[in-house]
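Worksheet for the structure shown next.
The values are calculated or read from the model by the stated rules, or taken from the named source; none is laboratory data. Predicted, not measured: the structure shown is a model, and the values here were computed from it. Positions of Cβ are generated from backbone atoms using ideal geometry, with glycine treated the same way; all protein chains shown enter the neighbour counts. The area values use the complete protein model at the heavy-atom level, side chains included, leaving out ligands, DNA and RNA. Shrake-Rupley method; radii C 1.70, N 1.55, O 1.52, S 1.80 Å.
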Amino acid sequence: MLEQEYDFYLADTDAGKSIHYSLRYQVYCLREKFEDPARYPKFLEQDEYDEASAHFIVRSRATGEWLGAMRLIVAPVPKLPVSRFSSFDPANLAGVSSTRVAEASRLCTLLPTRPREDFATNA
């Protein structure tokens, strides 16, 4: 069903990555205000994890608009963003912590969203 409405692309060119970073800027800096737009004068939200990532973008077949982005960061567990915000028991990661794994990150869409209040009230 999704594949009938949207096209999904690996953003592995400079043009594709530019679309990806622009979508992130629009969502994370302008709409959600999670990031300071002044840090991104080129209107492209990027960070230190992008070099170790595979980037993906989504386009509407009906309108041709770029609507979504996501990245997979490939690195050992201690170098993933989740490691900065969570604590892991090394015993639970025996054999995995030094292996390259992937973390889905910066998943975003320009589609209309539900107000945050809706989630807080379980509406």
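Is the stretch 82-101 home to any residue that is modelled with pLDDT under 95, under 20 Å from residue 8 (Cβ atoms) and of a type in the set (Ser, Thr, Tyr)? Before you say what the answer is, go through the steps one by one.
Residues of the stretch 82-101 modelled with pLDDT under 95: 82-101.
From what is left, the residues that are under 20 Å from residue 8 (Cβ atoms) are none.
No, the stretch 82-101 has no match at all.
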query: Does the stretch 31-38 include one or more residues that are in contact with a Leu (Cβ under 7 Å, 6 or more places away or on another chain), open to solvent by less than 50 Å² (accessible area, probe 1.4 Å) and either touching a residue at least 60 places away in the same chain (Cβ under 8 Å) or assigned to a strand (DSSP E or B) (or both)?
result: no
query: Does the stretch 52-59 contain any residue that is in contact (Cβ under 8 Å) with a residue 24 or more places away in the chain, among the hydroxyl-bearing types (Ser, Thr, Tyr), under 22 Å from residue 82 (Cβ atoms) and not in a strand (DSSP E or B)?
result: no
field: Matching entry among 111, 107 (being closer than 17 Å to residue 22 by Cβ, modelled with pLDDT of 90 or more and open to solvent by 60 Å² or more (accessible area, probe 1.4 Å))
entry: 107
message: Let me confirm something: among 62, 69, which residue is open to solvent by 90 Å² or more (accessible area, probe 1.4 Å), within 23 Å of residue 9 (Cβ to Cβ) and either part of a strand (DSSP E or B) or in contact with a helix residue (DSSP H, G or I) (Cβ under 9 Å, 6 or more places away or on another chain) (or both)?
response: 62
